[in-house]
Amino acid sequence: MKLSAMMGSWEKANRFAYYLLLSNAALAVTLMGTLYLAIGNRERVVLVPPQLDARVTVGMTTASSEYLKSFGLYIATLVGNITPYNVDFLTDILSRYLDARVYTAVRTRLQAVANDPVFRNSGGASWFEARRLDYEKETSRVFVVGQLNTLSAGKTNPDVAPVVYELRIEMRDGRPLVLALDSYEGSEPHSLKWQASHAHESKSADARGEAR
């Protein structure tokens with residue numbers, strides 16, 4: 001029996017087992033990394049809708065600004081196109097996209113407008129025409145700037161007022177949800193830049209109130 005040959009084979013076997021152990025460890029690490037990515041990865045869809053000029057991306061918790069602006073325009077158009085006869089239909093659609101707390105307030109406000117005796121008896125109707133869309137990434141807000149037209153029976157020309165619809169939109173499970181909805185007269189969105197430039201006016205008004 002050749003002891004040297006046996007010792008050489010034993011060393012080769014040990015080296016083979018060592019390298020095999022390293023390869024298995026590397027495969028295990030790779031598998032765990034792949035599994036982690038598979039679990040944490042949320043599907044992202046890239047769309048090019050016909051009403052948009054550029055492609056948009058929609059994920060489970062994120063979306064491109066173009067998609068959010070398009071959705072904001074959709075909601076603002078619904079809110080701004082109210083009549084005494086379509087208010088129930090529109091509020092039902094809005095219930096799918098508005099947070100429950102926001103929806104309650106918006107529904108109450110829209111029904112109050114639609115059920116106003118003057119508005120209802122005059123056969124009134126209103127429609128919103130968008131002029132500009134802005135998106136503020138820092139606050140996830142969409143500003144829909146345009147004009148609100150209100151027409152009553154007997155009038156040939158509608159009353160026109162500039163208005164801004166301000167929406168805070170968040171993506172949840174791949175669907176947009178409106179967390180805040182406000183509207184105000186004018187054509188200047190109340191963005192962070194606007195708020196900073198008008199902060200001194202608020203302080204001056206507060207100072208005058210305290211002086212009185």
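What follows draws every value from the coordinates through simple rules; no lab data is involved. Keep in mind the model is a prediction, meaning the values are calculated, not measured. Methodologically, a virtual Cβ is constructed for each residue, glycine included, from the backbone with ideal geometry; neighbour enumeration extends over all protein chains shown.
Quick notes on this structure:
- Annotation: the residues TRP127, TRP194, sorted from fewest to most other C-beta atoms within 10 Å of their own C-beta, follow the order TRP194, TRP127.
- Phi-based couplings in Hz for the stretch 184-193 (Karplus 6.51, -1.76, 1.60; Gly and Pro marked x): 8, 6, x, 10, 10, x, 8, 6, 4, 5
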